[in-house]
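Input: a single structure, listed below in structure tokens.
The values are calculated or read from the model by the stated rules, or taken from the named source; none is laboratory data. Nothing here was measured: the structure is a model prediction, and the numbers come from that model. Quick reminder, even Gly has a Cβ in these numbers, built from the backbone with ideal geometry, and neighbours come from all protein chains shown. Only protein heavy atoms, including side chains, enter the accessible area calculation; ligands, DNA and RNA are left aside. Shrake-Rupley method; radii C 1.70, N 1.55, O 1.52, S 1.80 Å.
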Amino acid sequence: MSDDEQVSVQKDRIQQKLNEIRNQGLALLEEIQDEESLQEWHRSHLGRKAAVMDIMREMSSMPGELRPIIGKYANGVKQSFEKALQERAEAIKKIELERSLKKEQIDVTLPGRRPSRGRLHPETQALREISQIFVEMGFQIYRSPDVETDEYNFELLNMPPHHPARDMWDTFYTTKENVILRTHTSPGQIHVMRQFAPEPIRAILPGMCYRYEQITARSEIQFNQVELIAVGKNITFGDLKGTLQDFVNRLFGREVRTRLRPNHFPFTEPSAEMDVECFICGGQGCPVCKKSGWLEILGCGMMHPTVLKNGGYDPEVYSGFAAGLGPERINMLRHKIEDIRYFWSNDVRFLEQF
Ligand code: PHE
């Protein structure tokens with residue numbers, strides 16, 4: 001074989017090898033689906049240890065006339081690798097984007113999750129509603145303290161020490177002599193009168209009361225009351241009755257009838273309790289009204305002359321009425337809640353219903 005022939009054979013051999021390297025490399029590249037494998041391919045096919053690079057390094061020992069031919073050919077392989085690599089990189093970017101879109105895909109037609117909403121306690125709702133009605137009728141809201149003295153809670157309300165009527169109000173005493181938790185909102189009558197005498201008064205006094213009682217389904221040691229008071233000249237029992245009837249109508253609706261039953265409180269004379277027609281059975285008689293057809297909602301009466309005097313009003317000139325109603329009781333009747341303990345046990349399953 002002549003030198004020329006030898007060179008030609010060597011050229012063919014190397015070119016064939018390069019073709020193999022290219023075809024194999026490109027075939028492998030086509031399979032690649034992710035960035036990491038692509039980097040790997042880059043290192044093994046274009047890095048220092050790549051087969052094309054080996055051939056380029058071998059060029060120095062090739063016959064002179066072969067070098068430019070092989071150099072060009074090897075370069076061609078390198079360039080086709082680089083071009084293919086770039087294309088594959090773009091393709092992989094697209095694949096990865098699609099993959100992540102699929103992963104993050106949200107179904108906009110799915111129903112949303114409802115956030116749980118805060119709401120007002122049923123007692124707050126009832127107190128606001130009751131206050132609203134009286135405010136519309138021209139009453140002002142007056143705040144009086146939860147902590148009282150024996151004097152305000154009893155004595156000034158016409159119950160001197162050892163008065164038997166005190167038994168109606170089981171009392172929480174404190175370690176401080178004469179300081180007690182109010183058993184009703186009535187001591188507020190004295191506060192509001194002493195502040196405004198001799199001006200006429202129309203006010204409601206809402207707030208928490210405390211009684212040292214056995215806790216049962218019907219009685220709690222704490223509960224709200226709304227005290228109602230009107231003082232002025234010529235205030236009559238008719239005013240009391242009309243005011244309460246109007247209140248009941250606004251609260252329960254026009255149809256509900258009421259009745260007054262005589263009763264006794266030391267701080268009112270005459271005294272009464274007001275019943276509303278049972279709105280559960282419509283007066284027919286049911287378990288809630290204990291078959292009577294009537295529900296008791298408040299105590300009331302004309303203010304006792306002694307109480308007026310203690311408040312700073314001359315009972316010869318002034319008269320007044322007072323009432324005390326229980327919002328929990330009204331709430332229980334309206335929502336058919338059979339146990340008063342639900343109100344202050346803070347069970348969300350109960351509170352959520354309002
Ligand atoms: N304070 C009384 C009670 O707690 C209710 C009442 C208030 C009665 C005002 C008459 C007048 O039972």
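If I ask for residues that are over 35 Å from the mean Cα position of the chain (by Cα) and within 13 Å of the ligand (Cβ to nearest atom), which ones from region 312-330 would you list?
Step one: filter region 312-330 for residues over 35 Å from the mean Cα position of the chain (by Cα), giving 312-322.
Gly320, Phe321, Ala322 - these are the residues of region 312-330 that are over 35 Å from the mean Cα position of the chain (by Cα) and within 13 Å of the ligand (Cβ to nearest atom).
For region 159-173, check the following and say yes or no: at least one residue is in the same structural domain as Thr243 (by TED's automatic domain parsing), under 23 Å from Gly138 (Cβ atoms) and either in contact (Cβ under 8 Å) with a residue 12 or more places away in the chain or within 12 Å of the ligand (Cβ to nearest atom) (or both).
Step one: filter region 159-173 for residues in the same structural domain as Thr243 (by TED's automatic domain parsing), giving 159-173.
Next, from what is left, pick out any that are under 23 Å from Gly138 (Cβ atoms): none.
Looking for residues that are in the same structural domain as Thr243 (by TED's automatic domain parsing), under 23 Å from Gly138 (Cβ atoms) and either in contact (Cβ under 8 Å) with a residue 12 or more places away in the chain or within 12 Å of the ligand (Cβ to nearest atom) (or both), one finds none in region 159-173, hence no.
Conditions first: (1) modelled with pLDDT of 95 or more; (2) in a helix (DSSP H, G or I). Thr185 passes all but one, so which condition is the exception?
Exception for Thr185: condition (2).
Would you mention how many residues in region 244-264 are within 13 Å of the ligand (Cβ to nearest atom) and open to solvent by less than 30 Å² (accessible area, probe 1.4 Å)? Working first, answer last.
Here is the first cut: in region 244-264, the ones within 13 Å of the ligand (Cβ to nearest atom) are 244, 260-264.
Then keep just the ones that are open to solvent by less than 30 Å² (accessible area, probe 1.4 Å); that gives 244.
Residues that pass the stated criteria total 1.
For Gly118, state whether it is exposed (fewer than 12 other Cβ atoms within 10 Å of the Cβ) and at positive phi. Please lay out each step first, then the result.
Values: exposed (fewer than 12 other Cβ atoms within 10 Å of the Cβ): yes; at positive phi: no.
Taking the combined requirement at face value, the residue does not satisfy it.
Could you please tell me which pairs satisfy a Cβ distance under 7 Å, a separation of 6+ or placement on different chains, a first residue in region 187-210 that is in the same structural domain as Thr149 (by TED's automatic domain parsing) and of a type in the set (Lys, Arg), and a second residue that is open to solvent by less than 10 Å² (accessible area, probe 1.4 Å) and part of a strand (DSSP E or B)?
Arg202/Ala230
Right, Gly326: open to solvent by less than 70 Å² (accessible area, probe 1.4 Å), at positive phi and in the same structural domain as Asp239 (by TED's automatic domain parsing) or not? Quick ask: steps written out before the conclusion?
Working: open to solvent by less than 70 Å² (accessible area, probe 1.4 Å): yes; at positive phi: no; in the same structural domain as Asp239 (by TED's automatic domain parsing): yes.
Criteria not met by Gly326.
In this structure, does Glu30 turn out to be out of contact with any Phe, Trp or Tyr (no Cβ under 6 Å at 6 or more places or on another chain) and open to solvent by 90 Å² or more (accessible area, probe 1.4 Å)? Let's see the steps before the verdict.
Details: out of contact with any Phe, Trp or Tyr (no Cβ under 6 Å at 6 or more places or on another chain): yes; open to solvent by 90 Å² or more (accessible area, probe 1.4 Å): yes.
In short, yes.
Among Ala126, Ala89, Ala84, which is small (Gly, Ala, Ser) and farther than 30 Å from Glu20 by Cβ?
Details: Ala89 fails: farther than 30 Å from Glu20 by Cβ; Ala84 fails: farther than 30 Å from Glu20 by Cβ.
Testing whether each residue is small (Gly, Ala, Ser) and farther than 30 Å from Glu20 by Cβ leaves just Ala126.
Evaluate region 103-112: report whether one residue or more is part of a helix (DSSP H, G or I) and either open to solvent by 100 Å² or more (accessible area, probe 1.4 Å) or free of Cβ contacts under 8 Å to residues at least 60 places away in the same chain (or both).
Step one: of region 103-112, the residues part of a helix (DSSP H, G or I) are 103-104.
Imposing the further condition that a residue be either open to solvent by 100 Å² or more (accessible area, probe 1.4 Å) or free of Cβ contacts under 8 Å to residues at least 60 places away in the same chain (or both) reduces the set to 103-104.
Yes, some residue in region 103-112 is part of a helix (DSSP H, G or I) and either open to solvent by 100 Å² or more (accessible area, probe 1.4 Å) or free of Cβ contacts under 8 Å to residues at least 60 places away in the same chain (or both).
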